[in-house]
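Below is one structure, written out as structure tokens, with a few remarks after it.
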Amino acid sequence: MGRLEGKVAIVTGSNRGIGKGIAIAFAKEGCKVVVSNYKKDSEGEKAVNEIEKLGSNAIFVKADVSKGNDMKDLVKKAVEKFGKLDIMVNNAGILVSGSVKELTEKDWDRQMSVNLKGAFFGTKYAVEQMVKQGKGGRIINISSIAGLVGFPGISAYCASKGGITELTREVALDCAKDGITVNAINPGVIVTDMTKGMLEDKATLKNFLENTPVGRVGKPEDIGNAAVFLALDESSFITGHNLVVDGGWTAR
């Protein structure tokens, strides 16, 4: 407890799912958290309330990650409220299904705009603020095992996550001398609203479990715990790394 005391983090897409799991995990360690989503709803308010009940501080800021001005404003509001920014988690993402044969240009652009451009904007404006502060920082991108291995029927999603995987490595090199570490987490199958429909299908769930050596699907807190590790001062020698949290899926 308290390992992130005094730190300030932004977590995009943190009104629910993996993002919320990360926000809660940070709050349990004493971190102040900016909860964000592209729309303001009751889920965002609930996330803020849960964080405050843990004894930490939080605010909600509406921001569309695909819009540069929104992301610039998100960082600005975080600093106005809490005085600084130590940790940026680029988590917000969507899944657009379809093979290359099925996808339209509009589908492709929508997938890239949220997942890849969102990570770019979040990284860009967080790095600008961290460099200005002169005390380093942590960028944590949420990629996927779909950014490391192929999955049929989700070509745009795989491409967007593969882009995040490589963006992470490149930005790590650019920012190393500024004391900013840049890492990614590559989750396996995690129980979220995005996967709920798939996991309710018995055949699909059976396939997921058979391909996950530990014998279970993941939980948002599994990713939250990994994010805490990468956010700690003790992880300052780790950068450009993709931390796979998949129950052994990619080890097969």
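The values are calculated or read from the model by the stated rules, or taken from the named source; none is laboratory data. A quick note: this is a predicted structure, and the numbers were derived from the prediction, not measured. Every residue, glycine as well, gets a Cβ built from its backbone with ideal geometry; the counts of neighbours run over all protein chains shown. Note: accessible area is taken over every heavy atom of the protein model, side chains too, but ligands, DNA and RNA are not part of it. Shrake-Rupley method; radii C 1.70, N 1.55, O 1.52, S 1.80 Å.
Here are a few things to note about the model shown:
- Within this structure, Ile87 passes the test of being surrounded by 20 or more Cβ atoms within 10 Å (Cβ to Cβ) and under 23 Å from Thr181 (Cβ atoms).
Here is a yes/no grid of residues against (1) out of contact with any Cys (no Cβ under 8 Å at 6 or more places or on another chain); (2) open to solvent by 60 Å² or more (accessible area, probe 1.4 Å); (3) modelled with pLDDT of 95 or more:
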{"position": "Lys124", "(1), (2), (3)": "yes, yes, yes"}
{"position": "Lys135", "(1), (2), (3)": "yes, yes, yes"}
{"position": "Ile139", "(1), (2), (3)": "no, no, yes"}
{"position": "Leu148", "(1), (2), (3)": "yes, yes, yes"}
{"position": "Phe151", "(1), (2), (3)": "no, no, no"}
{"position": "Glu166", "(1), (2), (3)": "yes, yes, yes"}
{"position": "Ala172", "(1), (2), (3)": "yes, no, yes"}
{"position": "Ala176", "(1), (2), (3)": "yes, no, yes"}
{"position": "Pro187", "(1), (2), (3)": "yes, no, yes"}
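- Filtering Lys32, Lys7 for residues that are open to solvent by 20 Å² or more (accessible area, probe 1.4 Å), of a type in the set (Lys, Arg), under 21 Å from Asp233 (Cα atoms) and in contact with a Gly (Cβ under 8 Å, 6 or more places away or on another chain) leaves a single hit, Lys7.
Table: residues versus (1) under 18 Å from Met130 (Cβ atoms); (2) assigned to a loop (DSSP other than H, G, I, E, B); (3) within 17 Å of the chain's Cα centre (by Cα).
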{"site": "Lys20", "(1), (2), (3)": "no, no, yes"}
{"site": "Ala25", "(1), (2), (3)": "no, no, yes"}
{"site": "Ser36", "(1), (2), (3)": "yes, no, yes"}
{"site": "Gly55", "(1), (2), (3)": "no, yes, no"}
{"site": "Lys76", "(1), (2), (3)": "yes, no, no"}
{"site": "Lys81", "(1), (2), (3)": "yes, no, no"}
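- Scan of region 209-252 for residues that are among the aromatic types (Phe, Trp, Tyr) and either farther than 30 Å from Met88 by Cβ or open to solvent by 30 Å² or more (accessible area, probe 1.4 Å) (or both), ordered by number: Phe229, Phe237
- Only one of the listed residues (Val131, Val189) is hydrophobic (A, V, I, L, M, F, W, C) and over 18 Å from the mean Cα position of the chain (by Cα). That residue is Val131.
- Whichever residue in region 193-227 is of a type in the set (A, V, I, L, M) and in contact with a Leu (Cβ under 7 Å, 6 or more places away or on another chain) and, among such residues, is farthest from Asn141 (Cα to Cα): Leu205
- Among the residues listed as Met71, Met130, the single one being open to solvent by less than 20 Å² (accessible area, probe 1.4 Å), touching a Phe, Trp or Tyr at 6+ places or on another chain (Cβ under 7 Å) and assigned to a helix (DSSP H, G or I): Met71
- Residues of region 149-182 that turn out to be outside any helix (DSSP H, G or I), touching a strand residue (DSSP E or B) at 6+ places or on another chain (Cβ under 6 Å) and either within 16 Å of Asn91 (Cβ to Cβ) or in contact (Cβ under 8 Å) with a residue 60 or more places away in the chain (or both), as a count: 1
- Candidates are the residues of region 92-107 that are in contact (Cβ under 8 Å) with a residue 40 or more places away in the chain and in contact with a strand residue (DSSP E or B) (Cβ under 9 Å, 6 or more places away or on another chain); the one that is most open to solvent (accessible area, probe 1.4 Å) is Ser97.
- Scoring Leu205 on the criteria (1) without any contact (Cβ under 8 Å) to a residue 40 or more places away in the chain; (2) assigned to a helix (DSSP H, G or I); (3) open to solvent by less than 50 Å² (accessible area, probe 1.4 Å) leaves a single failure, condition (3).
- A residue that is assigned to a helix (DSSP H, G or I) and farther than 22 Å from Ile145 by Cβ occurs somewhere in region 94-106.
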